[in-house]
Every structure is written in structure tokens, then in C-alpha cells.
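Since the structure comes first, as C-alpha cells, the remarks are kept for the end.
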Amino acid sequence: MESIRNIIVLTGAGISAESGIDTFRDAGGLWEQHRVEDVATPEGFARDPQLVQRFYDARREAVQQVDPNPAHDALALLDQRWEGELLIVTQNVDDLHERAGASRVLHMHGELLSALCARCETRHKWSESLLGQPACPGCGEKALRPDVVWFGEMPYQMDRIYAALRRADLFVSIGTSGAVYPAAGFVRDAREMGAKTLELNLERSEGSYWFEESRQGRASKLVPEWVAEMLG
Ligand code: BV8
């Protein structure tokens, strides 16, 4: 594609759906099984830490039973081949982008396979349960929480994301409903800064209006097709 050098790709739960990871808002999704306020807010954690730790323990275990799908593989190929700037900003807390081989990945809402100490703020790669309140390897305090961004908390590396949005020639959104901010506002930011905008999603998202082009279908089909176009 002429004049496209810097690309920013935003991904959501839809890109991991075909790997067998529940999305949030689709039928039978996570938010049908749990009240957001109870499991994904600092207040919910303060109220019932066991409930929250069980919720994330189950997802941490589940993600280790599944594998990346062709959509993750295609983005990893683009990451390996694209000479221009590329940043994959994911709202997902799974590690499927990295397991597919992508390295230019930023987890704006955190990672399941990481524990954050609420006392010394150090992070630790973590694949086991946090329910038993294990001691923090850094300070020894029993203050480890899931290293994820809850509602009302500031997403990670926002300055790096806005810097990439400012430099982007193309903004692509994959598998996200556009319901959660500030991620849902990135398409408008990118567009206002002159980038082309493309949506790849099973159905039109809440922010579909802001995209110049919107393609509907499964990520495992749409993403490899789009990457083939980019690599020509
Ligand atoms: C913050 C981590 C201050 C934990 C998550 C402005 C207006 C209104 C409200 C707000 C606002 N600004 C802030 C808010 C409040 C709030 C918010 O947005 N509330 C919403 C509900 C209205 N936002 C916050 O609290 C954020 N923090 O604002 O701090 C601030 C503000 C500005 C700048 C700096 C600081 C923090 C939000 C982060 C919360 N944590 N996750 C965890 O995972 O448990 S959010 C979580 O939900 C995900 O990370 C993701 O972001 C969101 C789920 O959305 P999707 O990933 O899109 O998934 P969903 O199921 O909804 O949709 C799936 C899509 O895929 C569908 O469209 C479907 O059609 C499609 N699909 C399905 N299968 C496929 C497919 N597509 C292709 N192929 C398939 N096979």
C-alpha cells in the first residue's frame, strides 16, 4: 500500500476467540458469568479478594491450555517482515501474540501471566494461582494482585500509545467491540492525526462509524488476507 510506513494495530478479545478464549460481551461471554463491578474493579478486589483471585486464576490456567490462531500468526509474520514502524496495542491479557512470535506488542490492560505487588509495585512472571496469597518475591509481603488494569485504573504505557498514534499512517482495529475507553477512542485520535483507518471484526463495532473501511468476518480469515495485502 503506497505511502504506508507506520502502522498501529489495536486488538481485542475477538482475535483470541477462535483460540477458545471467551470474549467479554458476546453470548456466554465473561461479563455474563460475572459482574464487572465484582471482578474487574479495585473496589471489587477490596471487597472480596478471593472472588477476584479465583476469577483470574481460572483465566490464567485457561490461557495456558490454548494456542495462537491464524490471526495471531499473520500479525507475527507482519511484525517479522514489516520494515516500517509497527505497534500491536492489545487490550487482551493473554500471551497469544507473543506465542505466535510477535515482539512489537504492548499490553495496555496488563497480562494474566504476571503478578503485581501492591506494596513494592514490582512485577513478576506468574503462571500459578494467586489465591493462596503467596509472598511477593521482591518484598516478601502477601500483596500480590493480578497485573491487569481494572475499570477506573489508568491503562499502561498511554504515552507510548499516543506517540505511536501521532506517527501512524494506518490504524487497524481487530476483534474489538469499541465499548471500553480510552481504547475505543483511538480511532478518532488516529483519524484526526491523518491516519487511514481499517476495522476487521465479526460485526460492526460501536465505533465503526469512525473507520474509512470496515470488513466483517472471522479474524482467522480477515487478518491473514489483510497481512498478505500489506506484504504484497
Ligand atoms: C480509565 C483488563 C482513566 C482486565 C479491561 C469515556 C466514556 C465512558 C466511560 C469511560 C470513558 N473513559 C473511561 C471510562 C470508564 C471505563 C470504560 O470505558 N467503561 C465502559 C464500560 C463504558 N474505562 C476505564 O475505566 C479505563 N480506565 O479510563 O482510566 C483514564 C482515561 C483516559 C486516559 C487515561 C486514563 C480502564 C478500562 C480497562 C478495564 N480492563 N481488561 C480483564 O481483562 O479482566 S477492559 C476489557 O474489556 C478488555 O481489555 C477490553 O478492553 C474490554 C472488552 O472489549 P473487547 O476486547 O472489545 O471484547 P468484547 O467481548 O467487548 O468484543 C469482542 C468483539 O470481537 C466483538 O465486537 C465481536 O463481534 C468480535 N469478535 C468475536 N469473535 C470474533 C470477533 N471478531 C473477529 N473474529 C472473531 N472470531
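The values are calculated or read from the model by the stated rules, or taken from the named source; none is laboratory data. Quantities reported herein were computed from a predicted structural model and do not represent experimental measurements. Cβ: placed from backbone, ideal geometry, glycine included. Neighbour counts: every protein chain shown.
Structural remarks
- In the condition set (1) assigned to a helix (DSSP H, G or I); (2) near the ligand (Cβ under 10 Å from one of its atoms), Y181 is compliant with all but (1).
- Against the conditions (1) over 26 Å from T23 (Cα atoms); (2) within 14 Å of the ligand (Cβ to nearest atom); (3) in contact (Cβ under 8 Å) with a residue 12 or more places away in the chain; (4) of a type outside the set (A, V, I, L, M), G152 satisfies every one except (1).
- Yes/no for E141 being within 16 Å of the ligand (Cβ to nearest atom) and surrounded by fewer than 17 Cβ atoms within 10 Å (Cβ to Cβ): no
- Top-ranked residue of region 69-99 - restricted to ones that are free of Cβ contacts under 8 Å to residues at least 40 places away in the same chain and either surrounded by fewer than 23 Cβ atoms within 10 Å (Cβ to Cβ) or of a type in the set (S, T, N, Q) (or both), ranked as nearest to the ligand (Cβ to nearest atom): D95
- Of all residue pairs spaced 6 or more apart or on separate chains, none has beta-carbon atoms under 6 Å together with a first member in region 106-124 that is farther than 24 Å from A164 by Cβ and assigned to a strand (DSSP E or B) and a second member that is among the hydrophobic types (A, V, I, L, M, F, W, C) and within 12 Å of the ligand (Cβ to nearest atom).
- Criterion violated by Y56 - all others in (1) more than 27 Å from Q133 (Cβ to Cβ); (2) among the hydroxyl-bearing types (S, T, Y); (3) within 8 Å of the ligand (Cβ to nearest atom) satisfied: (1)
- Conditions (1) at pLDDT below 95; (2) assigned to a loop (DSSP other than H, G, I, E, B); (3) away from the ligand (no atom under 11 Å from the Cβ): number failed by V66: (1)
- Of all the listed residues (L112, L130), the sole one being under 25 Å from L10 (Cα atoms) and touching a Pro at 6+ places or on another chain (Cβ under 8 Å) is L112.
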